Amino acid sequence: MENLVEAKALTKHFGAFEAVRGIDVEVRRGEAFGFLGPNGAGKSSTMRMISCVSGRSGGELKVLGMDPGRDGPKIRARLGVVPQLDNLDTELTVRQNLQIYGRYFGMSRQRCREKAAELLEFAQLGDRADHEVEPLSGGMKRRLTIARSLVNDPELLLLDEPTTGLDPQARHLLWDRLFRLKQDGVTLIITTHYMDEAEQLCDRLVVMDGGRIAAEGSPSELISRYSTKEVLELRFPPGARKPDLERFADRVEVLPDRLLLYTHDGEHVLAKVHEQGVQPVQSLVRRSSLEDVFLRLTGRTLVD
Amino acid sequence: MQTLKASWAGFEKSWTWYRRNWQATAVSGFVTPVLLLVALGLGFGSQVESTALIGGVPYVQYLAPALVVVTALQGATFESTYSIMSQFLWQKSYVAMVATPITPAQVLYSQMMWIGSQLFVRSAVFVGVAALLGAAAGPGILLAIPLATLAGLAFSAPLVAYSATLEKPDAFTTIFRFVLMPMTLFTGAFFPVSQLPGWLLPLVWLTPSWHGIELARGAAFGTLDLLPASGHVAYLTALVVVGVAFGVRFFHRRLAV
């Protein structure tokens, strides 16, 4: 399968600070690829290098088969970029934002008008087309930013934290739009620190931490490799001494307010814990998630 | 060719914005110089005796071509400070542009094209008003429009480059007070610089406003000689070129990280 992005030993440093410390990544055509990691893991720096805005400090990088250092404008002509922070022209209308952006790609005015009309519908902003952007809600602005990134029919769409700061309903609406794009054959690269987002959207992902890749695979592969089928969460009052339950589970993680017992049968372990006379404030059996993978790999939780 | 097309797209964005918001800039760009012309040219000027030093013309006619330059310089300051910073930091429109095939250098070119066009329009409007008020000595004042635009750009280009290096707008107040104000008052717009103490003159010669005023006034009264005129134009052009060269560097440093 054709690779749209190939990075080998890719690094980025700002002065003495190493944001990306040698990562190998391949993104295949048609897939949704994720960078999962906490803030400061090096996700955004990586994205800026892939979007051919920021130069690499070391290693190799090919995007759409070309070298970003040499063919930046040519590559960018075929990319769509959704930045972490909206940078819409807030004093222009929704429609003008789309049309002007098309002009940046050298499209004719006629083509820009047609494309804007099509994207207004895609972003469900038709009734706001001629309103100024400033008063729109966060979710609407985000949808407009995504619509704008599609103005040049990109082969590769880069989304940096696409749903950070949005309410659940707005997030689901956005995910739905991204699914549609994926079905249309657009390759997606997504950074996120939300594990549910990564699970929902990504075919394959890498877990990043401290500028390095800690693990790589599909969400289910990663879960089965680094976690157990189920997790029993036991919550205790703040400051209470937590009992030693290592013998009941494959692995136990101690968090400030709770214990996580990794096991293939959560209910069974819960019953045994109760037999021991341990009385947690709250107990919950759930399936393992990428959050558990991250905890296992880094010893830290993803979102605090 | 590619560069021109890309820069033009950026220009179009500014034009789209202007069509929606022109009233706001029109007030500062138009009303202020008209007030100056009326108050100082007609009002104060009525008490000023014309001397040989100011060419023996009514004071308001002496003042008008210089005020075209002052208007352009004030416009240049307005367009080259907060607006530039906003497009890096607040609105981030430059950041959005460089995610497309447009390069940081082309972003700068489009910005300078836009500022140039704005200065031209401001200068032209001013000349029109001056003519209506009887402040134009003759058709030569029309030449003040491109000359004032050049002088404005000569101040704008280095200022845009400087604005591209800032993280907060505090320095702008200093520029308004200690660069724009003295440049407006002491570089020959209101009285001949020969009235200034001699040691100040080298400083005056450094300012784009002095060169612009010399050019605009000379053009308006038809007293311009080729050699000094070429010198003024060359100096102003050099400021534009150097400013743009630094701008390209700073825009790249700011946007390509």
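Values quoted throughout were computed directly from the atomic coordinates according to the rules given, and no laboratory measurement underlies them. Computed from a predicted model, the values in this text were never measured in an experiment. Cβ: placed from backbone, ideal geometry, glycine included. Neighbour counts: every protein chain shown.
Peptide A:9-19 shows a mean partner chain C-beta count of 0 within 10 Å per residue C-beta.
Using a Förster distance of 45 angstrom, determine the FRET efficiency expected from the C-beta separation of residue A:109 and residue B:230, and round it to 0.05.
On the way: r = 41 Å, r/R0 = 0.92.
Efficiency for this residue pair is about 0.65.
Using bins of 5 Å that start at zero, the share of Cα-Cα pairs per bin across chain B amounts to 1, 6, 13, 18, 19, 15, 12, 8, 5, 3, 1, 0, in whole %. For residue B:168, the aspartates and glutamates whose Cα comes closer than 17 Å to its Cα, not counting residues fewer than 8 places off in the same chain, are B:79. In a DSSP loop and with at most 10 other Cβ atoms within 10 Å, the trypsin sites (Lys or Arg not before Pro) in the stretch A:183-283 are A:241. A cut-off of 5 Å between modelled amide H atoms, ignoring neighbours fewer than 5 places along the same chain, links residue A:215 with A:207. Could you pull out the pairs from A:62/A:141; A:242/A:272; A:8/B:5; A:115/A:141; A:115/B:13 whose alpha carbons sit more than 26 Å apart here? Cα-Cα > 26 Å for A:62/A:141; A:8/B:5; rest within.
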